[in-house]
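J.: Sending over a structure as structure tokens; questions will come in a sec.
Computed from the coordinates by the stated procedures, all read-outs in this text should not be read as laboratory data. In this text, all values refer to a predicted model and were calculated from it rather than measured experimentally. Neighbour counts are summed over all protein chains in view; Cβ atoms, including those assigned to glycine, are modelled from backbone coordinates with ideal geometry.
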Amino acid sequence: MNEGAIGGQMVLTHEIANYPGVENISGYELARTMKSQAQKFGCVIKSNIKIASLELNDDLKKLLLMIKMFYTSNAVIISTGGKSRMIGALSENEFKVRVFHTVQLVMVIFSG
């Protein structure tokens with residue numbers, strides 16, 4: 001489950017040159033490759049999910065979602081990811097979102 005886009009900040013990276021086994025790849029393409037590989041091994045990926053709370057004390061863990069649904073699992077791995085530091089400039093967040101969507105659109109166009 002992911003609260004945002006698959007790949008997080010990595011998709012905003014123009015070029016990744018230090019990932020094991022990969023000479024050079026864009027962050028968006030690496031995120032797409034990782035997602036595809038995980039799905040081939042049976043992983044079901046849910047994106048843009050807002051988690052309201054977790055119940056982790058019992059053997060069966062429960063993730064309660066903001067939309068009043070829940071998922072159960074034997075194990076939960078929490079990976080909080082990173083977040084860009086904002087400097088407080090006027091329209092900074094709007095610009096960041098625009099760049100993110102442009103990168104996604106360009107990668108879709110060039111990757112077919």
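J.: If you stretched the chain out fully between ASN48 and GLN9, how much longer would it get, using 0.36 nm times the residue separation minus the C-alpha to C-alpha distance?
T.: The span from ASN48 to GLN9 would gain 12.6 nm if fully extended.
J.: While we're here: Order by neighbour count: THR33, THR72, THR80, fewest other Cβ atoms within 10 Å first, most last.
T.: THR80, THR72, THR33
J.: Right, here's the next one. Pop the C-beta distance of ASP59 and ALA38 into the FRET formula with R0 = 22 Å and round what comes out to the nearest 0.05.
T.: 0.30
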